[in-house]
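J.: There's a structure below that I have some questions on.
The values are calculated or read from the model by the stated rules, or taken from the named source; none is laboratory data. Worth saying up front: this structure is predicted, and the values here are computed from it rather than measured. Here the Cβ is made from the backbone with ideal geometry for all residues, glycine too, and neighbour counts use every protein chain on show. Ligands, DNA and RNA are excluded from the accessible area calculation, which covers all protein heavy atoms including side chains. Shrake-Rupley method; radii C 1.70, N 1.55, O 1.52, S 1.80 Å.
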Amino acid sequence: MHKILKNVDKVVFGRGSFSQLDEIIEEKRADHDHFMVFLVDKFFEGKPLADKVPVRPEDVLIFVDVDDHEPTTQQVDEIRDNVKKEKGIPSGLIGIGGGSVMDIAKAASLMFTNEGSSSLYQGLNLIKNPGIYHVGVPTISGTGAEVSTTAVVTGPEKKLGLKCEWTPFNQIILDSELISDVPKNQWFYTGMDTYIHCIESETGMYKNTFSTAYGDASLALCRDVFKGENCGQTPENDDKLMVASMMGGLSLTYSEVGVCHALSYGLSFVFGYRHGIANCLAFNHLEDYYGEAVQEFKGMVAQHKIELPKNLADSWTEEQITQMAEVAYNLDHMWKHALGLDWKEKLTLDTIKDLYRRL
Ligand code: NAD
Ligand code: ZN
């Protein structure tokens with residue numbers, strides 16, 4: 001069976017396009033209980049961007065704290081419960097932030113029309129009713145969360161996305177002015193998420209012409225942004241990274257991620273490492289699987305003087321390593337893509353533990 005890809009409905013791309021948000025959401029204001037919810041990364045509280053959010057008196061503006069952990073099902077449930085209790089069902093929800101806030105917005109948009117905790121819906125096609133209108137505005141580029149069909153959240157038992165045809169945004173606004181001030185380390189880690197998405201998407205059994213075309217285009221842009229003469233955080237490269245992130249997201253959505261993402265999920269689940277840095281920590285040691293790409297990655301780490309933490313495993317207990325390995329091992333679809341249908345004959349829990357010990 002071939003996947004049916006549900007894409008984002010509408011895309012706006014261009015510097016300054018954020019100013020069109022008010023006009024874009026206008027026609028939706030008549031839906032449900034006639035108010036909008038803006039979920040804005042707490043980083044922007046008191047900053048100029050917060051003043052540009054087109055909040056009207058009937059609307060709700062929530063600054064979302066994503067600083068010390070990745071998005072949780074509890075966070076999503078609380079937003080839904082509080083807004084529903086006070087005002088009812090919003091006409092729409094606008095998520096303004098990095099992958100974390102975008103995922104919270106995607107998940108919350110589904111939870112306004114589905115009963116119970118979002119942790120009940122972590123998985124494929126478990127959502128029963130279409131969610132509400134939702135808009136994504138990335139302020140960091142790299143995760144591809146702006147176009148992906150999953151809203152990744154950590155629940156009591158697992159880090160897994162709410163994945164269904166109603167998850168993708170109805171509208172995204174790609175305004176690269178919003179990513180111009182991302183701190184260098186974060187810029188690199190989240191940017192490398194795109195690079196790794198494409199390498200993994202192109203290395204495995206689910207790769208195909210569609211996913212590889214997006215992957216190749218995205219990798220070319222990543223190389224402009226992170227390698228060579230004109231690399232670095234410039235307006236032109238911000239444009240490129242924003243498009244690379246989108247195309248990387250489409251590439252992996254129509255293929256799959258692999259070994260690095262499986263390990264990264266374990267690292268985030270057990271130690272709370274953010275996705276971007278967790279990927280970098282793992283990818284740095286995956287020459288056996290992604291050979292030349294790991295060499296290229298190391299070159300980019302060196303070029304931008306990124307200090308990746310080393311010898312982490314020295315302080316990990318056997319129990320923590322086992323727990324991470326179990327999280328990773330359970331990501332069957334990633335291993336299948338990376339190693340083939342018979343992946344369990346090629347890799348055991350112990351192999352994964354050894355990979356973690358390299359860190
Ligand atoms: P993030 O959203 O976690 O944000 C990282 C930090 O940057 C936060 O402290 C945030 O407040 C801050 N920040 C946001 N915008 C900023 C700006 N313009 N300037 C300065 N600081 C800013 O980072 P991320 O890497 O974009 O997202 C990671 C999350 O995305 C993880 O939770 C991961 O699971 C998820 N993810 C989702 C998908 C998907 O397909 N849905 C794919 C990959 C990753
Ligand atoms: Zn990723």
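J.: How far apart, in nm, are two points set 7 Å out from the Cα along the Cα-to-Cβ line at E45 and at I4?
T.: For E45 paired with I4, the spin-label model returns 4.2 nm.
J.: In whole Å and largest first, what semi-axes does the C-alpha gyration tensor of the chain yield when each eigenvalue is scaled by 5 and square-rooted?
T.: Sorted largest first and rounded, they come to 32, 23, 19 Å.
J.: I'd like to know how the range 68-200 sits against the 2.2 N^0.38 Å rule of thumb: what's its Cα Rg over that expected value?
T.: Its radius of gyration relative to the 2.2 N^0.38 Å reference: 1.03.
J.: Quick one: accessible surface of L126, probe radius 1.4 Å, all protein chains present, in square angstrom to the nearest 10.
T.: 70 Å²
J.: May I ask for the Rg/Rh ratio of the range 176-302, computed from Cα atoms with Rh as the Kirkwood radius, given to two decimals?
T.: Taking Rg over the Kirkwood Rh, I get 0.95.
J.: Would you compute, from DSSP H runs of 4+ residues alone, the mean residue ellipticity of the chain at 222 nm, taking -39500 (n - 2.57) per run and dividing by the full residue count, rounded to the nearest 500?
T.: -14500 deg cm²/dmol
J.: Once the Cα gyration tensor of the range 13-103 is found, what semi-axes does its equivalent ellipsoid get, as square roots of 5 times the eigenvalues, in whole Å, sorted largest first?
T.: 20, 19, 11
J.: In addition: All other residues with a Cβ under 13 Å from the Cβ of E236 taken together, and with Lys, Arg as +1 and Asp, Glu as -1, what is their net charge?
T.: Once all neighbours under 13 Å are counted, the net charge is -3.
J.: Still on this model: Note down the net charge around R80, summing +1 for each Lys or Arg and -1 for each Asp or Glu among other residues with Cβ under 12 Å from its Cβ.
T.: So the surrounding residues net to -2.
J.: If you don't mind, another one. By its C-alpha gyration tensor, with a ≥ b ≥ c as the square roots of the eigenvalues, how is the range 125-212 shaped: rounded for a/c under 1.5, else prolate for a/b larger than b/c, else oblate?
T.: Cα axes put the range 125-212 in the oblate bin.
J.: If you don't mind, there's one more thing I want to ask. Pairs of alpha-carbon atoms within less than 8 angstrom and 6+ residues apart define the contacts here; what relative contact order does the range 215-280 have, in percent?
T.: It rounds to 27 percent for the range 215-280.
J.: My understanding is that a pair violates if its Cα-Cα distance is over 28 Å; which of K158/K227; K298/K353; K28/K106; K184/K207; K52/K298 do that in this structure?
T.: Where the Cα-Cα span goes over 28 Å, the pairs concerned are K158/K227; K184/K207; K52/K298.
J.: Which translational diffusion coefficient, to the nearest whole µm²/s, is obtained for the range 1-156 from the Stokes-Einstein equation, given a Kirkwood hydrodynamic radius over C-alpha pairs, 10 °C and 1.306 mPa s?
T.: For these conditions, the coefficient is 100 µm²/s.
J.: Just check the range 240-359 against the gyration tensor rule for me: Cα atoms, a ≥ b ≥ c as the square roots of the eigenvalues, rounded for a/c under 1.5, and otherwise prolate or oblate depending on whether a/b exceeds b/c.
T.: Since a/c reaches 1.5 but b/c is at least a/b, the shape of the range 240-359 is classed as oblate.
J.: Order of 72-84, 12-24 by packing, highest average Cβ count within 10 Å first?
T.: Final packing ranking: 72-84, 12-24.
J.: Using a 1.4 angstrom probe on the protein heavy atoms only, could you order T209, T253 from most to least accessible area?
T.: So, going from the largest accessible area down, we get T209, T253.
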